[in-house]
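J.: Pasting a structure below so you can have a look.
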Amino acid sequence: VQLQASGGGLVQPGGSLRLSCAASINISDFNVMNWYRRGPGTQRVFVARITRAGNTIYADSVKGRFTISRDNTLMYLQMNNLRPEDTDVYYCNAQIYGTIPRWGQGTQVTVSS
């Protein structure tokens, strides 16, 4: 199973970006899908999660600004009102229960004037 994230770029503070995550299998096969960011340390930092049922969870830092969603083919992260501190490499992650989680390659988001 392979995941591929895309949609990153350079945007001014207050701007928006939409990240996408494509999979080599049907998106609906995944029980849970997440977005993470690289973060300052050695562990990636959780950003948002969506379950197969459509339930969502967000990191406090992005609540009210980011929206995670999925359809039959892609998972998305709509990022609004971006701040310089949102600058990072963003990764998509997905898991089918009972199997190891899969990671996509990162996509760079840069928020700067």
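J.: May I ask you to give the percent of accessible area on the chain that is carbon plus sulfur, with a probe radius of 1.4 Å?
T.: Ligands and nucleic acids excluded, carbon and sulfur give 47 percent.
J.: In addition: Give the share of C-alpha pairs in each 5 angstrom bin for region 74-113, from 0 to the last occupied bin, in whole percents, shortest bins first.
T.: Reading upward from the zero bin: 6, 18, 23, 20, 15, 9, 5, 2, 1.
J.: Taking every DSSP beta bridge with both residues inside the chain, roughly what % is antiparallel (nearest 5)?
T.: 90 percent
J.: Something else: Taking a quarter of the surface of the convex hull around the Cα atoms of the chain, what do you get in nm²?
T.: Averaged projected area of the chain's Cα convex hull equals 6.5 nm².
J.: Here's a follow-up. Which order do ARG49, ARG38 take when ranked by solvent-accessible area (1.4 Å probe, heavy atoms of all protein chains), largest first?
T.: Solvent-accessible surface, decreasing: ARG38, ARG49.
J.: Under 1.5 on a/c is rounded, so check that first for region 1-45, then, if it is not, pick prolate when a/b is larger than b/c and oblate when it is not; a ≥ b ≥ c are the square roots of the alpha carbon gyration tensor eigenvalues.
T.: Judged from the Cα gyration tensor, region 1-45 comes out oblate (a/c at least 1.5, b/c at or above a/b).
The values are calculated or read from the model by the stated rules, or taken from the named source; none is laboratory data. Source: prediction; values computed, not measured. The area values use the complete protein model at the heavy-atom level, side chains included, leaving out ligands, DNA and RNA. Shrake-Rupley method; radii C 1.70, N 1.55, O 1.52, S 1.80 Å.
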